[in-house]
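Read the figures in this text as sums done on the coordinates, not as results from a lab. Quick caveat, the model's predicted, so the values are computed rather than measured. Neighbour counts are summed over all protein chains in view; Cβ atoms, including those assigned to glycine, are modelled from backbone coordinates with ideal geometry.
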Amino acid sequence: MSFLTLTNVNKAYGATRAVIDMNLSVEKGEFVSLLGPSGCGKTTTLQMIAGFADVTAGRITLDGRNITHAKPNTRGLGIVFQSYALFPHMSVHDNVSFGLEMRRVPKSERAERVKAALALVHLQAHAARYPRELSGGQRQRVALARALVIEPPVLLLDEPLSNLDAKLREEMQFELRQIQRKVGTTTVMVTHDQTEAMSISDRVVVMEAGRVTQIDQPHRLYEHPQTRFISSFVGKANLLEGRVTATGAWATVSLGTVALEVEAPGAAAGDAVVLSLRPEKIRLVAQGQGRLAGTVCERFFLGSQWLYQVATAAGELVVVCPNDGAAPAEEGQGIGLDWPAGQVRLLPGALHLPHEPQRALEAVA
Amino acid sequence: MSAASMAAPLPVVSMTGTSRAPWLLSAPAFVLFACLLLVPLALTAVLSFQVFDHATGVKNSFTLAHYAALLTDDYYHAIFWRTLWISALTTLICVLVGAPEAYVLSRMRSPWRSVLLLVVLAPLLVSVVVRAFGWSMLLGPEGLVNQVIRAMGLPTMRILYTEAAVVIALVHVMLPFMVIPVWTSLQKLDPGVEDAALSLRASHFTTLRRIIFPQVLPGVLSGSLIVFGLSASAFAIPGLLGGRRLKMVATVVYDEYLHELNWPLGAAIALTLLLANLVLMLSYNRVLERSYKKSLG
């Protein structure tokens, strides 16, 4: 049995269903992210785990204990809120100490643990300050220290980095992961930022319209997205709509005037499908070579990379090439596009999959 | 060159504009303030140092007799003391009733919240005199309250024309002035802090006491200042519900002016009340600022 499990959890606000048949099991020490656009039910899920939102149907267990309807102040979870929710009238030290006080930890031990928690987030020097005297990143750290000092069985992070500027967010991402590794606390994070979810999680749960659409390790999620939504939401993708014309070990997919060979077990002739091809998997080759001919429409210099928009018979494709110092392709230049055959993913044509979410879950459970 | 010559006059215009504009813009308000408050106040101050004679009226010579009377006469001491404790008690009851009321209001859902806020503020729409008469009907010997008391088999209580009646009516009048500032500071509260405290194992009561209350304390304190100040200078309520015998400072001032015709003494009492109120409020504000400046800004 997993450490934290959600079994067929549902949440309804009147007629609207915010979370539908959510199943998730988190192992001890694991870092799991709930990823999805706003309104997909990820925050509601976190609130149900925390106990701030009632569970309409289903079961939540923590370490074998059923906590579905337990009061939030009996669950003992560490929570970092999106707004940080620091106590503005208390110093940093008192903020961090509050949870220990509520647990009636003796005063000497309390001082010790607060000190250790502040050292963990590099804020020893700021213990006497008040939250309004701290920067956004420092407040974030205080919130983290306050949640970790109680040594919670599970740490819940609600969009912890969304209020920080881009550079700081990147730094905090790695720091968050380091701290989580160091203390080994089971962590569930909610985020709408796919790079954040992928860079620090062990597993990512993608949610869409209240349902889980895929649970996978970050790189598997990126390489093998199961729906069109995921392939465009997680990273960038060229999506090409077509129809299967012939099947075999490799299916032939017709995309208007051109046809591509795609690895597609189980596809039937006549199926409407979408091909997904990551921009960085495509290489630019000399005109006349490669799998597809095209013309560079526009190019953008991104520093470490070149981004090209290439017009082809299959539609406009985005191509990202590393800046290796070689002369880039010119705008208007005719070129060829090539990619490893196995890198094209075939997705069912409809935006919402008719497939059973349960099957995807069993694959990872 | 043309750009420079175009740009040059602009700062000059704005300079003269900015130096005069604030004065010009605030002039009407200042004139109004001066005419309606500062001048009468100064005249009152002058009046309070003038000699009064029952036969001839106000004389144009300087005396400190009125202030000396105030400081030495037990009659005035009693009235000032009564005004002070009635105002303090009213303030205390307003805090005890108004702060929880504001909290409950802030936690209500959307349609009910505005409806009930209107209910809280509704008394402000009715004249204080009308409300005072309403209370005198309720609290009188044959009023509803005494009817209920008699129905329970208890003897008739004398409520009207006592301090109790004044305090009850003052609390009723002053409550909105407590609810509004507390409600405002509750609106500024991050809703997450309550959840954060709960997640750290605090009980609901501890959360209220240690997390919510300290943060709305500035609202409670400013509400207290308003309620205390208005109660100490209240006239209609003590006048109508305290009766002729139970006097507060404002009613004594009225009596001196209109019954005794001793305007200088009335002016001295009024100024003493103003001074006492100022001293109390400023020292209160000092204490408040010292303890909360650091944490709450």
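For helix A:166-183, report the angle its Cα long axis makes with the longest principal axis of the Cα atoms of chain A; keep it between 0 and 90° and round to the nearest 10°.
60 degrees
Nearest 500 deg cm²/dmol is fine: what mean residue ellipticity at 222 nm does chain B get from its DSSP H runs of n ≥ 4 alone, each adding -39,500 (n - 2.57), divided by its residue count? All intermediate terms of the calculation are to be shown ahead of the outcome.
Working: 14 runs with 218 residues, N = 297.
Per the formula, -24000 deg cm²/dmol.
Kindly express, to the nearest 10 degrees and within the range 0 to 90, the angle between helix A:92-102's C-alpha long axis and the longest C-alpha principal axis of chain A.
Computed tilt is about 70 degrees.
What is the magnitude of the charge dipole of chain A about its Cα centre, with +1 placed on the Cβ of each Lys and Arg, -1 on the Cβ of each Asp and Glu, and no other charges, expressed in debye to the nearest 20?
1340 debye
So what is the 222 nm mean residue ellipticity for chain A from helices alone, if each DSSP H run of at least 4 adds -39500 (n - 2.57) and you divide by all residues, rounding to the nearest 500 deg cm²/dmol?
Value at 222 nm, helices only: -7500 deg cm²/dmol.
About the Cα centre, and with charges only on the beta carbon of Lys, Arg (+1) and Asp, Glu (-1), how big is the dipole of the protein assembly as shown? Nearest 20 debye, please.
About 1560 debye.
Would you kindly derive the ³J(HN,Hα) couplings of the stretch A:16-32 from the backbone phi angles with the Karplus curve 6.51 cos²θ - 1.76 cosθ + 1.60 (θ = phi - 60°), listing them in order in whole Hz, with x for Gly and Pro?
7, 9, 7, 9, 10, 6, 7, 10, 7, 10, 10, 7, 4, x, 7, 10, 10
Using 7 Å Cα-to-Cβ label points, what is the A:Ala15/A:Asn323 separation (nm, one decimal)?
5.4 nm
Search the structure for amide H atoms under 5 Å from the amide H of A:Gln214, placed 1.01 Å from N in the peptide plane, and list their residues when 5 or more places away or on another chain.
A:Val206
What residue among B:Pro218, B:Pro155, B:Pro123 shows peak mean-square fluctuation when chain B is described by a Gaussian network model with Cα springs under 10 Å?
B:Pro155
What percent do you get for the relative contact order of the stretch A:181-263 when only Cα pairs under 8 Å and 6+ apart count?
Reported relative contact order: 15 percent.
Return the Cα extents of chain B along principal axes one, two and three, sorted largest first, each rounded to a whole Å.
88, 66, 34
Under a 10 Å cutoff between Cα atoms, tell me which one of A:Pro348, A:Pro160, A:Pro322 has the largest fluctuation in the Gaussian network model of chain A.
Of the options given, A:Pro322 has the highest mean-square fluctuation.
Roughly how many nanometres apart are two label points built 7 Å out from the Cα toward the Cβ at B:Asp74 and B:Leu125?
4.9 nm
How about the stretch B:191-297: which GluC sites (Glu not before Pro) there lie in a loop by DSSP and see at most 13 other Cβ atoms within 10 Å?
Those satisfying the criteria are B:Glu260.
For a 23 Å ceiling on Cα separation, which of these pairs sit above it: A:Lys71/A:Lys182; A:Lys42/A:Lys71; A:Lys107/B:Lys188; A:Lys11/A:Lys236; A:Lys236/A:Lys281?
Checking Cα-Cα distances, A:Lys71/A:Lys182; A:Lys107/B:Lys188; A:Lys11/A:Lys236 exceed 23 Å.
If R₀ is 60 angstrom, what is the calculated FRET efficiency for the pair A:Ser38 and B:Ala164, using the beta carbon separation as r and rounding to 0.05?
So, using R0 = 60 Å, E works out to roughly 0.60.
Per residue of the stretch A:68-83, in order, report the coupling 6.51 cos²θ - 1.76 cosθ + 1.60 (Karplus, θ = phi - 60°) as ³J(HN,Hα) in whole Hz, putting x for Gly and Pro.
For the stretch A:68-83, the Karplus curve yields 3, 10, 5, 5, x, 7, 10, 7, x, 8, x, 10, 10, 8, 4, 8 Hz.
Starting from the Cα of B:Ser283, move 7 Å in the Cα-to-Cβ direction to define the label point; list residues of the stretch B:38-81 whose amide nitrogen is under 19 Å from there.
B:71-72, B:77-81
Please compute the modelled spin-label separation between B:Leu41 and B:Val115, points set 7 Å along Cα→Cβ, answer in nm with one decimal.
If labels sit at B:Val115 and B:Leu41, their model points lie 4.4 nm apart.
Enumerate the amide H contacts of A:Val285 below 5 Å, restricted to partners 5 or more residues apart or on another chain; note that Pro and chain-start residues carry no placed amide H.
Those qualifying (amide H under 5 Å, at least 5 residues apart or on another chain) are A:Gly336, A:Leu337, A:Asp338.
Along the charge dipole of chain B, which of B:Ala102, B:Phe80, B:Thr156 sits closest to the positive end, that is, farthest toward it, with unit charges on the beta carbon of Lys, Arg, Asp and Glu (+1, +1, -1, -1)?
It is B:Ala102.
Residues of the stretch A:259-281 with backbone nitrogen within less than 12 Å of a virtual label 7 Å along the Cα-to-Cβ line of A:Lys236, please, listed as ranges.
Within reach of a label on A:Lys236: A:278-281.
Counting only residues 5 or more places away or on other chains, whose amide H sits under 5 Å from the amide H of A:Ala12 once H atoms are built in the peptide plane?
The answer is A:Ala18, A:Thr56.
From the backbone phi of the stretch A:52-58, what are the Karplus-calculated ³J(HN,Hα) couplings (6.51 cos²θ - 1.76 cosθ + 1.60, θ = phi - 60°) in whole Hz, Gly and Pro given as x?
The phi angles translate into 8, 10, 6, 8, 6, 8, x Hz.
How tilted is helix A:136-148 with respect to the longest principal axis of chain A? Cα atoms for both, answer in degrees (0 to 90, nearest 10).
60 degrees
Could you tell me which helices of chain B pass both thresholds, a Cα extent of 24 Å or more along their own axis and a mean Kyte-Doolittle hydropathy of at least -1.0, with helices taken as whole DSSP H runs?
B:9-33, B:74-106, B:163-187, B:213-232, B:263-296
Under 16 Å from the 7 Å Cα→Cβ point of A:Arg181, by amide nitrogen: which residues of the stretch A:149-174?
A:171-174
How much length is gained if the chain between A:Asp54 and A:Lys107 is pulled fully straight, taking 0.36 nm per residue apart and subtracting their Cα-Cα distance, in nm to one decimal? Can you show the working numbers first?
Values: separation 53, 0.36 × 53 = 19.08 nm, distance 3.51 nm.
In short, 15.6 nm is gained.
To the nearest 0.05, what FRET efficiency results for A:Cys297 and A:His219 with a Förster distance of 51 Å applied to their C-beta separation?
Efficiency, from the Cβ-Cβ distance: 0.95.
When chain A is modelled as a GNM with alpha-carbon springs shorter than 10 Å, which of A:Gln173, A:Gln138, A:Gln333 fluctuates the most?
Maximum among the listed residues: A:Gln333.
I'd like the FRET efficiency for A:Phe174 and A:Gln287, computed as 1/(1 + (r/R0)^6) with the beta carbon distance as r and R0 of 51 Å, rounded to 0.05. Can you show the working numbers first?
Details: r = 42 Å, r/R0 = 0.83.
About 0.75, to the nearest 0.05.
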